[in-house]
Ligand code: A2P
């Protein structure tokens with residue numbers, strides 16, 4: 001297992017367990033199994049609606065002495081409806097309570113999008129705040145305060161592009177330590193990777209396998225399946241591993257952490273083993289050539305009639 005290192009000496013294992021789409025009834029066992037298998041990094045979020053069950057899995061693992069709290073990295077994320085300064089800490093505390101923890105390793109702003117309190121999903125423009133009403137800097141300042149108080153050891157963002165990261169770097173008290181984004185060979189994000197490396201921001205790749213278990217409402221017709229891509233399949237055959245493992249090893253080779261979701265014990269183990277698969281320059285060149293800027297999670301679900309947020313703004317402005 002490799003690690004991403006932080007200025008204060010902390011280190012985040014580069015392969016973690018994703019919990020988006022893991023259902024209550026499945027996720028407690030998945031978290032427990034993952035820890036038993038050797039995972040030391042669990043990625044969570046309030047909006048996944050399963051943090052209480054994740055907390056049960058963590059509790060069981062701690063009680064059985066599988067791992068000490070200080071030896072596992074736990075990330076969670078602030079939902080869009082708690083971006084106002086006074087709502088950040090209460091939302092954070094709810095997550096801590098659900099996870100049955102007394103601190104987080106990393107807390108992220110989930111999206112650069114502000115919804116009104118109480119609105120979980122968005123039905124109309126009235127569910128949003130504009131960024132003039134609740135600026136990203138206001139939310140970022142409250143995140144920094146959580147870190148200053150020692151409630152979370154590190155803070156960062158998710159789904160931020162370069163201009164939005166630069167805005168926080170220029171105007172905030174500190175730079176985000178991590179940016180979690182969709183990333184895989186079809187969305188290699190070379191510019192963002194280069195920018196983050198230059199600015200000392202770690203990247204975490206979500207949807208590394210294409211998140212094929214999203215609800216139909218979140219899917220487009222005829223989405224490509226990366227695990228069936230001939231280049232990926234060929235590299236896997238050559239290495240004696242699975243296509244999924246190739247897709248995960250891609251990030252490890254690039255110094256990016258990656259959080260595949262699984263609730264299946266064999267796939268949980270298979271995914272962790274991918275962290276030790278070495279891809280050579282030829283493999284990486286071939287995989288990098290697959291880039292086509294394709295987003296599975298394209299953010300179009302934030303676009304509503306008369307609303308302040310568009311996909312163009314999200315990814316390009
Ligand atoms: P399952 O939970 O039944 O294992 P992503 O991490 O991109 O969101 O993808 C998650 C999806 O990929 C889930 O449907 C998950 O199913 C599946 N998955 C996870 N690991 C593997 C693997 N090693 N091989 C094939 N499918 C996998």
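Just so it is clear, none of the values below were taken in a lab; they were calculated from the coordinates. In this text the structure is predicted, and so the values were computed from the model without any measurement. Neighbour counts run over all protein chains shown; Cβ positions are idealised from the backbone, glycine included.
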Between residue 214 and residue 266, 0.36 nm times their residue separation minus their Cα-Cα distance comes to what? 16.7 nm
Give the calculated FRET efficiency between residue 199 and residue 292 to the nearest 0.05, with a Förster radius of 25 Å applied to their Cβ-Cβ distance. 0.45
If each part is reduced to its alpha-carbon centroid, segment 33-91 and segment 161-176 end up apart, in Å, by 26
How would 314, 151 line up from fewest to most surrounding beta-carbon atoms within 10 angstrom? 151, 314
By average Cβ neighbour count within 10 Å, what is the ranking of 97-108, 242-253 from highest down? 242-253, 97-108
Counting DSSP beta bridges with both partners in segment 57-178, what percentage is antiparallel, nearest 5? 10
log₁₀ of I(q)/I(0) at q = 0.11, 0.12, 0.20, 0.27 Å⁻¹ - segment 1-66, Debye sum with one point per alpha carbon: -0.27, -0.32, -0.80, -1.12
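Provide the gained length on full extension for the span residue 100 to residue 138, in nm with one decimal, where the gain is 0.36 nm per separating residue minus the Cα-Cα distance.
Working it through step by step, the gained length comes to 10.9 nm.
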Residue 62-residue 223 pseudo-label distance in nm [points 7 Å out on the Cα-to-Cβ vector]: 3.4
Distance from the Cα centre of segment 270-293 to that of segment 118-157, in angstrom? 34
Using the per-residue mean of other Cβ atoms lying within 10 Å as a proxy for protection, in what order, highest first, do the peptides 48-57, 298-307 fall? 48-57, 298-307
Sorted by mean Cβ packing within 10 Å, highest first, what order do the peptides 3-9, 229-235, 170-176 take? 229-235, 170-176, 3-9
